[in-house]
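To start, the structure itself, in structure tokens.
The values are calculated or read from the model by the stated rules, or taken from the named source; none is laboratory data. Just so it is clear, the structure is predicted and the values come from calculations on it, not from any experiment. FYI the Cβ positions are ideal-geometry reconstructions off the backbone, even for glycines, and counts take in every protein chain you see. Note: areas computed on protein heavy atoms with side chains; ligands, DNA, RNA excluded. Shrake-Rupley method; radii C 1.70, N 1.55, O 1.52, S 1.80 Å.
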Amino acid sequence: MSVEENKELIRRWLGAINARDLDLVDSSLAPDYVGHFGGPEPVRGREGWQRLVGSFIAAFPDGEGTLEDIVAEGDRVMHRETWRGTHLGMFANTPPTGRKVAFQGIAISRIAGGQIVEEWVELDVLGLLQQIGAIPAPA
């Protein structure tokens, strides 16, 4: 795939996440997908990705990502997003607060065969946890 086709795949995939179109999400991820989200073990496979994102959607059911930047070279696409939503479900052992949140994330996705096969993702989880009151914000 060309660099532009790889970028378009990421745009469609983000749109599918926002629309909760799990069929398009599934077809965009390789069956052996590996996601590095900063935890001790990577997220593996479509089911692993859906479990991770499903817990976020349950906590922020109106959550939506806005693509801010996208840059690609070869088989890699870097995308920066802003995520916004309302804390309406359990998240990080914190009961729903009804608070509106906004946080940013950056991901580098490796594309092969028209699918996302691997990602490295950095999210502002600290800022998100501060916004829902799970940890105190600095004075």
**Request:** Could you order 78, 90 by accessible surface area, starting with the largest, using a probe radius of 1.4 Å?
**Result:** 90, 78
**Prompt:** Of 129, 117, 3, whose Cα points farthest to the positive end of the dipole of the chain (charges on the beta-carbon: +1 Lys, Arg; -1 Asp, Glu; origin at the Cα centre)?
**Reply:** 129
**Shape call, the stretch 50-129: gyration tensor on alpha carbons, a/c limit 1.5** = prolate
**Prompt:** Roughly to the nearest percent, how much of the accessible area of the stretch 1-134 is carbon and sulfur, given a 1.4 Å probe?
**Reply:** 54 percent
**Request:** Write down, largest first, the equivalent ellipsoid semi-axes of the chain in whole Å, where each equals the square root of 5 times an eigenvalue of the alpha-carbon gyration tensor.
**Result:** 27, 15, 14
**Asked** Rounded to the nearest 500 deg cm²/dmol, what is the calculated helix-only ellipticity per residue at 222 nm for the chain, with -39500 (n - 2.57) per DSSP H run of length n ≥ 4?
**Response** -10000 deg cm²/dmol
**Message:** Please list 120, 49 from largest to smallest accessible area, probe radius 1.4 Å, with all protein chains kept in place.
**Reply:** 120, 49
**Prompt:** Relative to the first principal axis of the alpha-carbon coordinates of the chain, what is the inclination of helix 45-59, with its axis defined by its Cα atoms, in degrees from 0 to 90 and to the nearest 10?
**Reply:** 30 degrees
**Message:** Taking the solvent-accessible surface of protein heavy atoms with a 1.4 Å probe, what is the per residue accessible area of the chain in Å²?
**Reply:** 54 Å²
**Prompt:** In whole Hz, what ³J(HN,Hα) sequence does the stretch 31-42 give by Karplus (6.51, -1.76, 1.60; θ = phi - 60°), x for Gly and Pro?
**Reply:** x, 9, 3, 10, x, 9, 10, x, x, x, 10, x
